[in-house]
Each structure stands twice: as structure tokens, then as C-alpha cells.
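First comes the structure, then the notes that go with it.
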Amino acid sequence: MPAEADAPAEADPLRVWFRFIRLHRRVSAAVAAELKAVGLSIPQFDVLSTLSEREGLTQQDLAERLYVTKGNVSGLIDRLVEAGLVERRPIPGDRRSHALHLTEAGLALARTGIAAQTGYVARTLGRLPPGDVAELERVVLAWRDAARAEDR
């Protein structure tokens, strides 16, 4: 039986929090650089990748999925429409909302961005042992559940 001095010290949640925040900043900056190389900002990529998974969302639906305001999405969508990457289509029976769809160019750019992001994840998180990735997922989901409970 190991001596008490050999036992790992209990992790300090605040220290873990700061490490998590710094890691988030580092990987966000790295992914932003990868996306910039293919001509996308993070917000543009968020919109294109979300619409590549589920087209026909309204701006309100998209804002909710991205955890931003409808106003933030509106200007971004305007610019993506002007660039020929997204189009607004009327929703029958709803004169105020439009369904958002990717153009062929938008879908191609979304796929390029997804490939860049996937490559970065494979080169970093993907290098960890599968058991560590599974444990990280378990911890992240537990943390998410605690944060959701706090929101109630």
C-alpha cells in the first residue's frame, strides 16, 4: 500500500478551470488560423458548418444553436449571402422568416473548413490514448450537466 505522501494531490478546481480556459484560447487560435488559411473566420465557419448539418434553419434557430443573438447572426448572414455562400428562401406561410440554405460554393467551403478542423483535432486530441479521450468526454459531459443545472 503506497504511503500517503505518494498519493496524488487532489486537483484544485480553480487551477483546472484556468488551464481549461488557456487551452481553449490556444486551440481556438490554432483553429482560427487553420480556417483563415482557407478563407473563413470562426463565426463564418460556425454558420456554414451548422447549415451543412441542418439546412433550412431560420436565423433565430441558427442563433440559438450558436448561442448568439439574432442580431449577431443577421449581419453575418447578410455578408454570407453577398459572398454567394448562403441563400435565404421564403418559408411558406411565414412572411417574416426565411430558411437558410448553403449554395454549392458554401457547401464546398464548409467541407474545406470541416476538413481543416478535423485535421487539427486529429493532430492534437486524436494523439491521446482512446481511454483518455473517453475519460475526457465523461468529465466534460459531467461538467456540462453541472453548468446546465446552475442555469436553472
Practice task
Note the full-extension length gain between D94 and A37 as 0.36 nm times their separation in residues minus their Cα-Cα distance, in nm to one decimal.
Solution key: 16.7 nm
Problem - Using a Förster distance of 25 Å, the FRET efficiency for V133-R54 (Cβ separation, nearest 0.05) - result: 0.45
Exercise for the section: Taking the chain as the reference, fit the longest principal axis to its C-alpha atoms, fit the long axis of helix 130-151 to the helix C-alpha atoms, and give the angle between the two in degrees, 0 to 90, nearest 10. Expected result: 70
Problem - Accessible area of segment 1-100 divided out per residue, in Å², using a probe of 1.4 angstrom - result: 73
Completion exercise
In degrees, nearest 10, the alpha-carbon axis of helix 13-37 is tilted away from the dominant principal axis of the alpha carbons of the chain by 40
Practice task
With the Cα gyration tensor of segment 73-152 in hand, convert its eigenvalues to equivalent ellipsoid semi-axes via √(5λ) and list them largest first in whole Å.
Solution key: 35, 22, 10
Handout entry: Phi-based couplings in Hz for segment 47-61 (Karplus 6.51, -1.76, 1.60; Gly and Pro marked x)
Key = 5, 4, 5, 5, 5, 5, 8, 8, 6, x, 5, 7, 4, 5, 4
Practice task
Using only alpha carbon pairs under 8 Å that are at least six residues apart, calculate the relative contact order of segment 71-152 and give it in whole percent.
Solution key: 16
Completion exercise
Spelling it out for A99: with amide H atoms placed in the peptide plane at 1.01 Å from N, the residues 5 or more places away or on another chain with amide H under 5 Å from its amide H are R89, I91
Handout entry: Efficiency of FRET between H24 and T69 - r from beta-carbon atoms, R0 25 angstrom, step 0.05
Key = 0.70
Problem - the chain: relative contact order as a whole-number percent, Cα under 8 Å and 6+ apart - result: 22
Fill in the blank from the handout: Taking protein heavy atoms only, a 1.4 Å probe, and rounding to whole percent, the accessible area of segment 111-152 owed to carbon and sulfur comes out at 59
Handout entry: Cα radius of gyration and Dmax for the chain (Å)
Key = 20.1, 72
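The values are calculated or read from the model by the stated rules, or taken from the named source; none is laboratory data. Since the structure is predicted, the reported quantities are computational estimates derived from the model, not experimental observations. Glycine also receives a Cβ, built like all others from the backbone with ideal geometry; neighbour counts cover every protein chain displayed. The protein model used for the area step is the full one, side chains on, heavy atoms only, and it has no ligands, DNA or RNA in it. Shrake-Rupley method; radii C 1.70, N 1.55, O 1.52, S 1.80 Å.
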